[in-house]
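The next block holds one structure in the form of C-alpha cells; read it before the comments.
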Amino acid sequence: MPSGKRARRRRQGALSFDNLVRVVYLGAFLIFLLAPLYWAVITAIKPVDDYMTIPPVWFPEHPTLVHFTAAMFTYRGLVGLINSAVVSVAATALSVLLGTLMGYSFARFNTGGQHLSFWVLSQRFLPPVAVVLPVFLLYRNLGLNDTRLGLILIYTVTSLPLSAWMMFAYFRQMPAELEEAALVDGYGRWGALWKVALPLALPGIIAAAVFAFIFCWTEFFFALILTSRSAYTLPTIFRGFLGFQASSYGEASALAIVSLVPSIILGMLVQRHLVRGLTLGAVRG
Amino acid sequence: MAQLKIAGLHKHFRGVHAVRGVDLDIPDGEFTVLVGPSGCGKTTLLRTIAGLEEADDGTIEIGGEVMNDVRPADRDVAMVFQNYALYPHMKVYKNIAFGLMARKLSQSEIDARVKRAAAMLGIADLLERLPRQLSGGQRQRVAIGRAIVRNPQLFLFDEPLSNLDAQLRDEMRSEIKRLHQEIGATMIYVTHDQIEAMTLADRIVLMRDGQIEQQGTPLDLFERPATRFVAGFLGSPKMNFILATAVESGGALGLQLGDGRGLALPEGSRQRYAGMVGRKVVLGVRPEHMGRARDGLQANGHVRLATVVELIQPTGSRTYITFPLGGTSVMAEVQPHDVQKPGDPIDIDLDLNRAVLIDPDTNRVI
C-alpha cells in the first residue's frame with residue numbers, strides 16, 4: 001500500500017532525526033565527561049616538558065611511566081592506596097552489615113515507629129564540618145587520631161544512614177509473606193532472614209555496598225583532619241601535588257588514574273546488580 | 001492431622017479490634033471455611049492460628065496442645081498464601097523441599113516426598129523451573145505442593161484462589177476439594193467468596209466485625225440463616241428483603257406490604273410468628289423461591305402475585321427478572337423462555353415456606 005509506505009518513510013525520517021539529536025546530545029555529554037579523563041591519562045604519561053606547551057600536546061611522542069613510580073613511592077601513593085583500600089573495604093562491610101540489619105528491622109518490626117528511620121537518614125543532612133572537631137578531640141583522647149580504625153569508624157557511621165535507608169526501602173517492598181512462608185515452613189526469624197530475605201535482597205545489598213565504597217574511597221574532609229603521617233588515604237595525597245612554586249601535574253594525574261581503577265573494576269563487576277538494586281527491587285518472582 | 005480448638009480469642013491489629021472473642025471447635029479432618037466481607041477478621045484469625053500474629057487473649061489448641069507461645073515453625077501447620085509466596089530465588093523443587101530441609105529429613109526421603117506431591121498435583125515436569133517461569137495456576141499448585149509435602153497437622157489457606165481468573169479458579173477449587181477428600185486432613189480456608197465457601201466447606205464459619213455470626217454446614221446456613229446478614233451474604237443473586245407488617249385476619253396470619261398487597265403466611269407458622277402481629281417485619285425471600293406461576297392449585301404457603309416485568313437478565317440456564325413488590329424492586333428466577341420483554345405482565349409464584357421473617361430491630365431471623 002503506497003500510503004502505508006509513505007507513512008513508514010515518514011516515520012523512519014522522524015526516527016533518524018531523533019537519532020541525530022540523540023547522537024549529538026550523547027556525544028556532547030561524553031566529550032564533557034571524558035575530556036578531563038583523557039587529559040589526566042596523557043598528562044600522566046607526558047614528559048614534564050610537554051605539560052604547558054602551546055599548542056598542547058595531544059599525545060606525547062615519548063610516553064613515560066616515571067610519574068607513576070614517583071607518585072607511588074616518592075609521594076607515598078602506595079601507602080595511601082593501601083590505607084584507602086583497607087579503610088574503604090572495612091567501612092563498607094560494616095556499613096552494609098549494620099545497614100542491612102537496621103533496614104530489615106525498620107521494615108519488618110517498624111522499629112522506632114514512624115520517625116526513627118527518617119531520623120537516621122537525616123544524619124546525612126549534617127555537614128561533616130559540624131562534627132569533625134568534636135570527633136577530632138574525642139579521637140585524640142581515645143588514641144584514634146591518625147589510625148585506620150578511627151577512619152573506619154567514622155566512615156561506617158557516616159555511610160550507615162544511606163545504607164540503612166536503601167535496605168529499608170528494599171525490604172519494605174519485599175512481600176513479608178515470603179518470610180512468613182519460611183516461618184511456617186519451619187525456620188526461625190534468623191533462618192527466614194538468612195535463607196529467604198537476604199538472598200532476595202542481594203541486589204540491594206550490592207547497590208548499598210557500591211554507594212558506601214565510593215563514599216569511603218573518595219572521602220577527603222575527615223581524612224584530612226583525622227589523619228596525618230600514617231593513616232592518610234589517597235585523596236589527601238593530592239594536596240601535596242599542588243605546591244606553592246611548582247605543581248607535579250604528572251604525578252597527580254598518575255595517582256588519579258590509579259585511584260580510578262578500583263571504581264572501574266567495581267562498576268564493571270556489579271553493573272547488572274546495581275541497576276536492579278537501584279530500582280529498589282521492582283523485581284518480583 | 002488434628003483438631004483445632006479456639007477459646008475466647010481476641011486480637012488487635014493495626015489499632016483495630018480485629019478478632020473479638022472467637023470460640024471455635026474444628027474436629028479432625030474437617031474442611032472449615034472462614035468467610036465474610038473484607039475486614040471481618042477472618043485473615044487475622046487465620047494468621048493467629050498460624051502463629052504469624054500473637055493472640056492478645058484466649059487460647060489456641062492444635063491437637064490438644066496449647067500453641068499460644070509456640071513459634072509458627074513448631075506448630076506443624078502449613079499455609080498457602082494469597083499471593084502464593086513462592087521463594088523467587090529457588091526452583092520449584094527447592095520451594096517444595098524447603099520445609100522438609102528445615103526439618104532435617106534425609107535427602108532420599110525429601111526426594112521421595114517432593115516427587116509424590118508433585119505427581120499428585122501434576123507439576124512433576126516443572127520441578128526445575130523458577131517460580132517466575134510458571135503461570136498463575138502452576139504457581140498455585142506449587143504453593144499447595146509446598147503445604148502437602150510436609151504432611152502437617154493443619155492446613156491453612158488464605159484466599160488462595162483470589163489471584164486466578166474465573167475458569168482457573170473453578171478448576172483449582174475442585175482440585176482442592178479432591179485433595180481434601182484424598183488426604184483427609186484438617187483444613188481451614190479463608191475466602192470472601194460465598195460460592196467458594198458453599199462448594200468447599202464441610203462447615204462454614206461466617207464472620208462479621210471480628211465475631212462469628214453463624215456457623216454450620218453450607219446448607220444449614222443457606223436454608224436457616226440466623227440473621228439478616230447471613231441471609232444476605234450467602235446466595236447469588238442475593239436474597240430480596242421487603243419491609244412488611246405482620247397482620248392477623250380471620251384467625252390467619254399474613255403480611256401487609258407497602259404497596260397494599262397482602263400475603264397469607266403458611267399454616268403451621270402461626271406459633272412462630274404470633275408475637276409479631278402488628279409489628280414491622282422484613283420478609284426475606286431468595287430469587288429462586290419466586291418463579292413464574294404455573295396453572296393449577298396453589299399449595300400451602302404459595303402466593304400468587306400479578307406484576308409487571310421491569311428488567312430481564314438471562315444467564316442461559318436461567319433468567320433473572322426484576323419486578324416491583326412492596327415498594328422495592330425484587331429479583332426472581334424464571335425459566336429462560338418465561339418472559340419476552342420488559343413491561344410484560346407476569347404472574348409470580350412466591351414460596352413463603354422457604355422465606356424468612358426478620359425482626360428489623362434486632363436483624364435476627366424470627
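What to note about this one:
- Cross-link pairs exceeding 23 Å between alpha carbons, from the set B:Lys42/B:Lys177; A:Lys195/B:Lys91; B:Lys5/B:Lys94: B:Lys5/B:Lys94.
- Cα lying deepest toward the dipole's positive end in the stretch B:63-105, options B:Leu105, B:Val92, B:Val80, charges on Cβ: B:Val92
- As computed over the stretch B:200-259, the Cα convex hull volume per residue (Å³): 124
- Across A:Ala223, A:Ala176, A:Ala207, mean-square fluctuation computed from a Gaussian network of chain A (C-alpha pairs under 10 Å connected) peaks at A:Ala176.
- For the stretch A:148-154, Karplus couplings with θ = phi - 60° (6.51, -1.76, 1.60), whole Hz, Gly/Pro x: 5, 4, x, 5, 4, 5, 5
- FRET efficiency, 1/(1 + (r/R0)^6) with R0 30 Å, evaluated for A:Asn110 and B:Lys115 via beta carbons: 0.15
- Less than 5 angstrom separates the built amide H of B:Arg208 from those of B:Glu213, all sequence-distant by 5 or more or on a different chain.
- Most mobile of B:His17, B:His337, B:His192 in a GNM of chain B (Cα contacts under 10 Å): B:His337
- Surrounding net charge for B:Lys280, when Lys and Arg each add one and Asp and Glu each subtract one, Cβ distance under 9 Å: -1
- Note on the protein assembly as shown: with charges restricted to the Cβ of Lys and Arg (+1) and Asp and Glu (-1), its dipole about the Cα centre is near 1960 debye.
- Each of A:Ser88, A:Ser259 was scored by other Cβ atoms within 10 Å of its Cβ. Arranged with the fewest first, they read A:Ser259, A:Ser88.
- Gain on full stretching of the segment that runs from A:Leu224 to A:Asn141 - 0.36 nm per residue minus C-alpha separation: 28.0 nm
- A simple charge model with +1 on the Cβ of Lys and Arg, -1 on the Cβ of Asp and Glu and nothing else charged puts the dipole of the stretch B:4-233 at about 820 debye relative to its Cα centre.
- Amide H contacts under 5 Å for B:Gly235: none, restricted to partners 5 or more places along the chain or on a different chain, H placed in the peptide plane at 1.01 Å from N.
- Difference of contour (0.36 nm per residue) and Cα-Cα distance, B:Leu168 to B:Ala299: 42.9 nm
- For B:Gln107, neighbours were defined as the other residues whose beta-carbon sits under 14 Å from its Cβ, and their charges (Lys and Arg +1, Asp and Glu -1) total +3.
- Sites A:Met268 and B:Ser106, calculated FRET efficiency, Cβ-Cβ separation with R0 41 Å, nearest 0.05: 0.40
- When only Cα pairs below 8 angstrom with a gap of at least 6 residues are kept, the stretch B:46-182 shows a relative contact order of 32 percent.
- Relative contact order of the stretch A:66-278, pairs being alpha-carbon contacts under 8 Å that are 6 or more residues apart, as %: 35
- Sequence-separation-based contact order of chain B, relative, with Cα cut under 8 Å and 6+ spacing, percent: 16
- Footprinting exposure proxy for B:Cys40, A:Cys216 (fewest neighbouring C-beta atoms within 10 Å first): B:Cys40, A:Cys216
- Amide H to amide H, with H built 1.01 Å from N, B:Asp57 comes under 5 Å of B:His10, counting only residues 5 or more places away or on other chains.
- The HN-Hα couplings worked out from phi for the stretch B:181-191 by the Karplus form 6.51 cos²θ - 1.76 cosθ + 1.60 (θ = phi - 60°) are 5, 6, 9, x, 7, 6, 10, 10, 10, 9, 7 Hz, whole numbers, x standing for Gly and Pro.
- Note on A:Ile42 and A:Val261: the model spin-label points, each 7 Å out from Cα along the C-beta direction, lie 2.3 nm apart.
- Kirkwood Rh, Cα atoms: Rg over Rh of chain B: 1.07
- For the protein assembly as shown, the calculated P(r), taken from all Cα-Cα distances in 20 Å bins from zero up to the bin holding the longest distance, is 14, 30, 27, 18, 8, 2, 0 percent.
- Simple point charges give the picture: +1 on the Cβ of Lys and Arg, -1 on the Cβ of Asp and Glu, and for chain A a dipole about the Cα centre of about 1140 debye.
- Rounded to whole Hz, the Karplus (6.51, -1.76, 1.60) HN-Hα couplings of the stretch B:277-292, x for glycine and proline: 4, x, 10, 6, 9, 10, 8, x, 9, 7, x, 6, 9, 10, x, 6
Read the figures in this text as sums done on the coordinates, not as results from a lab. Source: prediction; values computed, not measured. Methodologically, a virtual Cβ is constructed for each residue, glycine included, from the backbone with ideal geometry; neighbour enumeration extends over all protein chains shown.
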